[in-house]
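**Student:** Have a look at this one before I ask anything.
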Amino acid sequence: MASFSPANLSATLFTLRGFPGLEGAHQWIGIPIFSAYLVAVLGNCTILYVIWAEPSLHQPMYYFLAMLATTDLGLCLTTMPTVLGVLWFQLRKISKHSCLAQLFIIHSFSFMESAVLFAMALDRFLAICFPLRYALLLTTSRVARIGLLLLTRSTMLLVAPMAFLQHFPYCPGAALSHSYCLHQDVIRLACASTTFNTFYGLIVILLTLGSDLLFILISYSLILKTVLGRTSGGEGPHKALGTCVSHLCAVLVFYVPVLGLSVVHRFGQHASPLLHVIMGNIYILLPPLMNPIIYSIKTKQVYSRILRIASIKRV
């Protein structure tokens, strides 16, 4: 790491990167990326509207789905302006304060999405393993408190590293790996010791995303054990587990890109810069794009309500 002295000026502007080696095609690359953003925004807004408009969906399972859609919508709206600004308008500079604000929001939403997926697994566990007590255990007020607790956890975890990032001196002239700001990307530009942020980030990921995923796996192990032990065959187990398919797909759609991006950042120093950019865009775009599609197709109540809205508009 280069040393920093008072004679040097800390960078106040960071350079965002598009697709290395494909700069001449940025205008064209922006079209499918914008289309994906647009579908993701419309899809998550549709999910939120359907849950709000349909009284039969005012249940804990769908409240958590609304939280997931809100999180995905936040990820899209936070990153879309800078990504499209780089691709379409060559706006490659971002101020340090704007970058840190974006970084804070992106990671908060990422932690929130992981926490909501865990809460949804807990919801399915209670609904399947304790069906008679489900309504008493997960009341609307408790769901609201769980949502507030998850939001608090997701933001408070970032207070300490953000304080360090705010006061780090940054080496002028260096570029970020993506078209938006991430913690593990920004600390590479710091002209100071980043040991705390590096280890803190690793510990936080293990204690949040890692533990959330572990609890999700435990929940589904208990669900599977309960379902198989409750009935010897027939459609019973399939109907019970059928309510979990959408959630399991959402878990894969979120955790696979997160794991891929983490591996690329920590062990892909010699990988092509293009790989970093592609993984970064998949990490941001895939969950918001796929979750509304998954829940619209796999959840009968949501699907039927969307069809009803579409038929009314055609009339």
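Only the coordinates and a few stated rules stand behind these numbers; no lab work does. All values reported here derive from a predicted model rather than from experimental measurement. Every residue, glycine among them, receives a Cβ derived from its backbone with ideal geometry; neighbour counts consider all protein chains shown.
**Student:** Considering the stretch 125-243, what Rg and Dmax in Å follow from its alpha-carbon atoms?
**Tutor:** Gyration radius and largest Cα-Cα distance of the stretch 125-243: 21.7, 67 Å.
**Student:** As a footprinting exposure proxy, order Glu23, Glu113, Glu54 by other Cβ within 10 Å, with the fewest listed first.
**Tutor:** Ranking Glu23, Glu113, Glu54 by Cβ neighbours within 10 Å, fewest first, gives Glu23, Glu54, Glu113.
**Student:** Here's a follow-up. If I take R0 = 22 Å and measure r between the Cβ atoms of His270 and Leu206 in this structure, what FRET efficiency does the formula 1/(1 + (r/R0)^6) give, to the nearest 0.05?
**Tutor:** For R0 = 22 Å, the calculated efficiency reads 0.30.
**Student:** Hey, can you list the DSSP H helices of the chain whose Cα span along the axis is 27 Å or longer and whose average Kyte-Doolittle score is at least -1.0?
**Tutor:** 26-53, 60-89, 96-129, 211-230, 245-267, 273-298
**Student:** Could you give the nm distance between label points at Glu23 and Ala160, where each point is 7 Å from its Cα heading toward the beta carbon?
**Tutor:** It is 4.0 nm.
**Student:** For a footprinting-style exposure proxy, rank Arg17, Arg308, Arg92 by other Cβ within 10 Å, fewest first.
**Tutor:** Ranking Arg17, Arg308, Arg92 by Cβ neighbours within 10 Å, fewest first, gives Arg308, Arg92, Arg17.
**Student:** Run the dipole for the chain about the Cα centre, Lys and Arg Cβ at +1, Asp and Glu Cβ at -1, nothing else charged, and hand back the magnitude in debye, nearest 20. The partial results should precede the final answer.
**Tutor:** Numbers: 20 positive and 8 negative charges, 118 e Å.
Charge dipole of the chain: 560 debye, to the nearest 20.
**Student:** What is the extension gain from Ser95 to Ala144, computed as 0.36 nm multiplied by their sequence separation minus the C-alpha to C-alpha distance, in nm to one decimal?
**Tutor:** Result for the pair: 14.1 nm of gain on full extension.
**Student:** Expressed as a rounded percentage, what relative contact order does the chain have, with Cα pairs under 8 Å and six or more residues apart?
**Tutor:** Computed over the chain, the figure is 29 percent.
**Student:** Between Thr198 and Arg308, what's the calculated FRET efficiency when r is the beta-carbon distance and R0 is 35 Å? Round to 0.05.
**Tutor:** So the FRET efficiency works out to roughly 0.10.
**Student:** Please work out, to two decimal places, the log10 of the ratio I(q)/I(0) at q = 0.12 Å⁻¹ from a Debye calculation in which every Cα of the chain carries one identical scatterer.
**Tutor:** Reported log10 I(q)/I(0), two decimals: -0.87.
**Student:** Just to verify a number: FRET efficiency for Leu228 and Leu132, C-beta to C-beta distance, R0 = 25 Å, to 0.05?
**Tutor:** 0.80
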